[in-house]
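To start, the structure itself, in structure tokens.
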Amino acid sequence: MIKPAKLKKGDTVGIIAPASPPNEGQLKKAILFLEELGLQVMIGKSVYERNGYLAGTDEQRIDDIHDMFSNKSVKAIICACGGYGTARIASQLNYELIKQNPKIFWGYSDITFLHTAIFQKTGLVTFHGPMLSSDIGKDDIAIQTKQSFEQLFSPQPIYYTDKISVIEAIEQGEASGKIVGGNLTLLTSTLGTEFEIDTKGHILFIEDIDEEPYEVDRMMTQLKMANKFSDAAGIMICDFHNCQPIKRTESLSLEEALINQLRGLKKPIMKGFLIGHCSPQVAVPIGTYATISTYENMVEIEAGISAGVRVHESRRN
């Protein structure tokens, strides 16, 4: 595990769009937010490019990622938005460059593919958190969502209890392991590739948006058959925004689609976490150690940054 160094006021953060292009007006508002935090901003060259549903060509988006990781003045990389496109470029990234230049990497949704690829190829802890155009730049953004960025300045653990949201146990137990996961659709798309999500001994969290229950059911079934649930030490079911029946009015409920494939697993499984396409949204570091306990009705996650320079950890201290 490699933890990136924390941010301090005056640091430069790079903004990239490794998937789809952002809403420019909302991105400008979000940049003001970063500047209010005392940060300087560097815009990636492809952020305002358009190539169908992509923010520029694959080569342009790859170059932005490489440029931001290799630039010593850039201390963090924050994604403007998700959309679609990160799986297209994952196999072409220079992971040795990323490993030798570890820094904060932040985003979610389609960025899940990059989180999985980067952590599994380099050991760098990355952050599943609200993005600029698609979250921070909106007029109705929750204050708690903005506060997620505070964890980049101070290495404090996350204690997720029912004081944040109503969380419930599906299966009882307690377990510890590195936390991995993200968007269900993207995690499923890693199967059969060199970036296939590794859940063995890990705490897995899943979330999604705009997928009907039958689509959620299909992906949950696929992950189950790939042993991703049986391999995991524990499972967190997070927000599934707008995942209601539309095409198929005769439908299982969303909860049935999620829970059917998890019943009977002898490990802690909990639901109700405000992680994903929701408001407010809690950001979590991917790759740090977490403990899930249904007995204490909580999840504790280690800080994702180090107090000073980068930290290498081969095992939990």
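Running a GNM on the chain with Cα contacts under 10 Å, which residue among GLY276, GLY201, GLY129 ends up with the highest mean-square fluctuation? Highest fluctuation among the options: GLY201. The helix-based estimate of mean residue ellipticity at 222 nm for the chain, built from -39,500 (n - 2.57) per DSSP H run of four or more residues and divided by its residue count, is -7000 deg cm²/dmol to the nearest 500.
Computed from the alpha carbon positions, the gyration tensor of the chain leads to an equivalent ellipsoid with semi-axes of 29, 22, 19 Å, biggest first. Assuming a ≥ b ≥ c are the square roots of the Cα gyration tensor eigenvalues, decide whether region 186-317 counts as rounded (a/c under 1.5), prolate (otherwise, with a/b larger than b/c) or oblate. Cα axes put region 186-317 in the prolate bin.
Spatially, region 110-127 and region 291-308 are offset by 19 Å when compared through their Cα centroids. Shown here are the Rg and Dmax of the Cα trace of region 129-265, at 16.2, 49 Å. Ordering SER279, MET42, LEU254 by Cα displacement along the dipole of the chain toward the positive end leaves MET42 in first place; charges were set at the Cβ atoms of Lys, Arg (+1) and Asp, Glu (-1). Using C-alpha pairs below 8 Å separated by at least 6 residues, the relative contact order for the chain is 23 percent. In order along region 195-206, the phi-based Karplus estimate (6.51 cos²θ - 1.76 cosθ + 1.60, θ = phi - 60°) of 3J(HN,Hα) comes to 9, 3, 4, 9, 10, 4, x, 9, 8, 9, 10, 9 Hz; Gly and Pro are listed as x. Just so you know, the averaged projected area of the alpha carbon convex hull for region 21-80 sits at 4.1 nm².
What shape does region 2-139 have by the C-alpha gyration tensor, where a ≥ b ≥ c are the square roots of the eigenvalues, rounded means a/c under 1.5, and otherwise prolate means a/b greater than b/c and oblate the rest? Taking the square roots of the gyration eigenvalues as a ≥ b ≥ c, region 2-139 is oblate.
Once the other residues with Cβ under 11 Å from the Cβ of GLU212 are scored (Lys, Arg +1; Asp, Glu -1), what is the net sum? Surrounding charge for GLU212 is -2.
Remark: spin-label model distance ASN51-GLN147 equals 4.0 nm, labels positioned 7 Å along the Cα→Cβ axis. The residues packed around SER46, meaning those with a beta-carbon under 12 Å from its beta-carbon, carry a net charge of -3 if Lys and Arg are +1 and Asp and Glu are -1.
Within the shell defined by Cβ-Cβ distances under 10 Å, the residues around SER230 carry a net charge of +4, with Lys and Arg each +1 and Asp and Glu each -1. Is region 207-285 rounded, prolate or oblate when judged by the Cα gyration tensor, a ≥ b ≥ c being the square roots of its eigenvalues, rounded requiring a/c under 1.5 and prolate requiring a/b larger than b/c? Oblate shape, in that a/c is at least 1.5 and b/c is the bigger or equal ratio. Straight-line cross-link partners of LYS163 among the aspartates and glutamates, defined as a Cα under 17 Å from its Cα and at least 8 positions apart when in the same chain: ASP239, GLU296, GLU300. Full extension of the chain between LEU37 and SER165 gives 43.4 nm of extra length, using 0.36 nm per residue less the Cα-Cα distance. Here the Gaussian network model covers the chain, with springs between Cα atoms less than 10 Å apart; of ASP140, ASP162, ASP64, ASP140 fluctuates the most. Separation of region 3-32 and region 170-188 by C-alpha centroid, Å? Region 3-32 and region 170-188 have Cα centres separated by 27 Å. Between ASN23 and ARG248, what is the FRET efficiency for a Förster distance of 35 Å, r being their Cβ-Cβ separation, to the nearest 0.05? The computed FRET efficiency comes out at 0.70. With a threshold of 31 Å on the Cα-Cα distance, the over-threshold entries among LYS28/LYS178; LYS6/LYS28; LYS9/LYS29; LYS72/LYS224; LYS247/LYS267; LYS103/LYS146 are LYS28/LYS178; LYS72/LYS224; LYS247/LYS267.
Bear in mind these aren't lab numbers, they're just calculated from the coordinates by the rules spelled out. If you're wondering where the values come from, they're calculated on a predicted model, not measured in any experiment. Don't worry about glycine lacking a Cβ; one is built from the backbone with ideal geometry, like all the others, and counts go over all protein chains shown.
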